[in-house]
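Visitor: Before anything else, here's the structure in question.
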Amino acid sequence: MAEASRTFHATLFSLPTFSPRLHFKLSYSHSHPSLHLKRARSVQRSISETKTMSSNTTLPWGCDIDSLENAEALQKWLSDSGLPPQKVGINKVEMGKRGLVALKKINRGENLLFVPPSLLITSDSDWSSPEAGHVLKQHNVADLPLLATYLISEANLQKSSRWSNYISFLPRQPYSLLYWTRSELDRYLKASQIRLRAIERIADITGTFDDLRRRIFSKHPHLFPKEVFNLVTFRWSFGILLSRLIYLSSMDGKVALVPWADMLNHSCEVETYLNYDKSSQAVVFTTDRAYQPGEQVFISYGKKSNAELLLSYGFVPKEGTNLNDSVELPLSLRISDKCYKQKLKALKKHGLSASQCYPIQISGWPLELMAYAYLTVSPPSMSKQFEEMAAMASNESIIRKDLRYPEIEEKALQFILDNCESSISKYSKFLKESGSMDLDITSQKQQNRGVFLKQLAVDICTSEQKILYRAQYGIRSEYDKDS
C-alpha cells in the first residue's frame with residue numbers, strides 16, 4: 001500500500017501547488033513529442049502484456065509489501081549514511097502494511113526526519129554504471145524515465161549498489177492499479193472511470209518503454225540487456241516512482257526518492273507534507289497533531305480523490321474520511337442532435353471532444369460541467385452561444401463565470417441527472433454482484449488476491465456512488481427552488 005508523500009499524476013492529473021508530489025508527462029525526452037502521440041500503437045500491446053503479466057510475477061529484488069525482514073539493515077544503512085537519530089521507527093500498521101510509528105511522544109509542530117540530500121535519489125545521482133547514465137543523458141531522456149531506468153540499473157546490481165539496502169525494502173508488487181491485470185481491471189472496476197485512467201497510464205508507460213527500447217536499449221544491449229530492462233521491470237520501477245517520488249519545491253523543484261521518508265502513509269485528516277528545509281538542509285515535515293508512542297505518524301499525499309489514491313497507491317481511505325473525494329461523470333453530445341457537428345466544432349476549438357468527464361465532488365460540481373450540459377441541450381436557436389458555452393466548458397473563458405441560461409437550465413439539470421442515474425445503475429449492478437462476499441478484511445494475507453481486489457473495488461464504487469446520490473439530491477433541490 002502507499003508509503004510516501006507522493007503527488008504524481010502522469011498525463012492524467014493536475015498538481016496542487018501545495019502538494020509534495022508531482023506531475024509529469026510520460027514523454028521520452030524533453031524535446032520528444034508527448035506520449036499521447038504514441039498511445040494508439042501502445043494500447044493493444046499493453047492490453048495483451050497485462051494479461052500475461054500474472055500477479056505471481058517475481059522480481060529478483062525487493063520484498064513482500066508487508067515484510068519487515070530487511071528493516072533493521074535499512075535503518076542501520078540510513079544511520080551510517082547520515083540520517084540523524086529518529087523519533088519514529090518502521091513497524092507493521094493496519095492491515096499488515098508498513099509505516100512509521102512514534103517511538104516516543106511527539107508534539108504538534110515538531111519537525112521530523114531530517115533526511116540529508118546525500119540520501120536522495122534524483123536525476124543527478126551518480127550511476128554505478130556511469131556509461132549507462134551518460135548514454136541516457138546524451139539522449140536528453142526526461143527525469144521520470146531516466147529515474148525509472150536508474151532504479152532498474154541499481155536494483156540489478158543488488159549488493160554492488162549503494163542503494164541495495166533501500167531497494168531490498170521496496171515492495172516487489174504493490175497494489176497500485178499498474179499491477180492489476182487487464183482482466184482484473186475489467187472485472188472489478190467496470191463501473192468506475194478509474195478503470196480507463198489505469199489503462200491509459202499503463203499504455204503511457206508501455207509507450208515510454210517501447211520508445212526507450214527502440215531508440216536506446218536496442219542500440220546498447222551491453223548496457224541495457226533485455227533480460228533486465230523489460231516491460232515487467234519498467235512497470236515495477238514506474239510503479240515505485242509514481243507512488244513514492246516527492247516534489248521538493250524548496251529544492252528548486254527537484255523530484256526525488258527519499259528513503260525513510262517514503263515509509264510515511266497518508267491520512268485524510270492531516271495536511272502536513274514533506275519538503276526540503278533550507279535551514280537544516282534536509283527533507284523534513286512538521287507535525288500538525290501530537291502522537292503518543294506506538295501511534296502511526298501520517299502525512300498528506302495531497303488533496304486527492306479516492307480513485308486517484310487507488311490508482312497510484314493501491315488503497316481507498318475509510319468511508320467518509322476523505323473530504324476531497326470526487327467521481328468522474330462521463331457526458332456526451334447526442335449524435336442525433338441536429339447541431340451535433342456545430343457543437344463538436346466549438347468543443348474541439350477549445351480542446352474538448354464529444355465525450356468528456358467532469359469531476360463531481362462532495363461539495364458540488366464544477367461550472368464547466370454545467371456549461372457542457374448547457375451546450376448539449378441547447379436548441380438551434382442558441383447557436384450563437386455555442387462558442388461561449390464550449391469555452392466555459394473548457395475553463396478557457398475569462399468572462400461570465402456566472403454563465404446561466406434560464407430558458408434551458410431545467411433541461412441541463414435533467415441531462416446531468418440522467419447521466420448520474422446511468423452511472424449509479426452501473427455501480428448498483430456491480431455492488432449487487434459483489435454483495436455476497438465477505439467485506440470484513442483484517443489481514444491481506446488471510447485473503448486471496450481476488451477477494452482483496454474486490455474489496456478495494458467495492459470501497460471505491462461505494463464512495464463514488466454516494467457522491468452521485470448527493471449530486472442527485474443537489475439537482476433535485478435546484479428543481480425545488482425553481483418550482
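The values are calculated or read from the model by the stated rules, or taken from the named source; none is laboratory data. Treat the numbers as computed from the prediction; the structure is a model and nothing was measured. Note: ideal-geometry Cβ built from the backbone for every residue, glycine included; neighbour counts use all protein chains shown. The protein model used for the area step is the full one, side chains on, heavy atoms only, and it has no ligands, DNA or RNA in it. Shrake-Rupley method; radii C 1.70, N 1.55, O 1.52, S 1.80 Å.
Visitor: Expressed as a whole percentage, what fraction of the accessible surface of segment 71-313 belongs to carbon and sulfur atoms when a 1.4 Å probe is rolled over the protein heavy atoms?
Guide: Result for segment 71-313: 46 percent of the exposed heavy-atom area is carbon or sulfur.
Visitor: Picking from Cys339, Leu468, Val451, whose Cα lies most toward the positive end of the charge dipole for segment 326-480 (charges on Cβ: Lys, Arg +1; Asp, Glu -1)?
Guide: With unit charges placed on the Cβ atoms, the residue in question is Cys339.
Visitor: Ignoring ligands, DNA and RNA, how do Lys318, Lys411, Lys384, Lys104 rank by accessible area with a 1.4 Å probe, largest first?
Guide: Result, largest first: Lys384, Lys318, Lys411, Lys104.
Visitor: How big is the dipole moment of segment 307-441 about its Cα centre under a simple scheme where the beta carbon of each Lys and Arg is +1, that of each Asp and Glu is -1, and everything else is neutral? Debye, nearest 20, please.
Guide: Here the size comes out at about 760 debye.
Visitor: Quick one: accessible area per residue over segment 326-480, 1.4 Å probe, rounded to a whole number of Å²?
Guide: 52 Å²
Visitor: Still on this structure, I have one more. Leaving ligands, DNA and RNA out of it, rank Tyr469, Tyr179, Tyr291 by accessible area with a 1.4 Å probe, largest first.
Guide: Tyr469, Tyr179, Tyr291
Visitor: Could you provide, to the nearest whole Å², the per residue accessible area of segment 71-313 with probe 1.4 Å?
Guide: 37 Å²
Visitor: Next question, about the same structure. Report the FRET efficiency, 1/(1 + (r/R0)^6), for Leu431 and Ile335, where r is their Cβ-Cβ distance and R0 is 41 Å, rounded to 0.05.
Guide: Efficiency for this residue pair is about 0.85.
Visitor: When the chain is fully extended, how far beyond the present Cα-Cα distance does Lys318 get from Ser249, taking 0.36 nm per residue of separation?
Guide: Gain on extension, Lys318 to Ser249, equals 21.9 nm.
Visitor: Between Ser422 and Glu131, what is 0.36 nm times their sequence separation minus the Cα-Cα distance? Round to one decimal in nm.
Guide: This chain segment gains 99.2 nm when fully extended.
Visitor: Another question, then. Using a basic spin-label model with each label point 7 Å from the Cα along Cα→Cβ, how many nm lie between Asp66 and Gln158?
Guide: 2.7 nm
Visitor: On a full-extension model of 0.36 nm per residue, what is the gain between Tyr469 and Gln292, subtracting their alpha-carbon distance, rounded to one decimal in nm?
Guide: Result: 59.8 nm gained on full extension.
Visitor: When the Karplus curve 6.51 cos²θ - 1.76 cosθ + 1.60 is applied with θ = phi - 60°, which whole-Hz ³J(HN,Hα) does each residue of segment 354-366 get, with x for Gly and Pro?
Guide: Couplings: 5, 10, 9, 10, 10, x, 9, 9, 4, 8, x, 10, x Hz.
Visitor: Would you tally the net charge around Gln86, using a Cβ to Cβ cut-off of less than 13 Å, leaving Gln86 out, and scoring K and R as +1, D and E as -1?
Guide: Residues near Gln86 contribute +2 overall.
Visitor: Let me ask you something else. Going by amide H atoms built from the backbone, whose H comes under 5 Å of the H on Val88, apart from near neighbours?
Guide: Those lying under 5 Å, H to H, from Val88 are Leu103.
Visitor: Just name one of Cys268, Ser237, Tyr247: the one whose Cα is farthest towards the positive end of the charge dipole of segment 230-280 (beta-carbon charges, Lys/Arg +1, Asp/Glu -1).
Guide: Going by the Cα projections, it comes out as Ser237.
Visitor: Related question: May I ask you to evaluate 6.51 cos²θ - 1.76 cosθ + 1.60, the Karplus curve with θ = phi - 60°, for each residue of segment 182-197 and list the ³J(HN,Hα) values in order in whole Hz, giving x for glycine and proline?
Guide: Per-residue couplings from phi come out as 4, 5, 5, 4, 5, 6, 9, 10, 5, 8, 9, 5, 5, 4, 5, 5 Hz.
Visitor: Separate question: His220 to Glu110: FRET efficiency via 1/(1 + (r/R0)^6), r the Cβ-Cβ distance, R0 45 Å, to the nearest 0.05?
Guide: That pair, His220 with Glu110, gives E of 0.40.
Visitor: Between Gln342 and Glu407, with labels modelled 7 Å along Cα→Cβ, what's the label distance in nm to one decimal, could you check?
Guide: Label at Gln342, label at Glu407, 1.3 nm between them.
Visitor: With a 1.4 Å probe and all protein chains left in place, how much of the accessible area of segment 326-480 comes from carbon and sulfur atoms, in whole percent?
Guide: Carbon plus sulfur share of accessible area: 51 percent.
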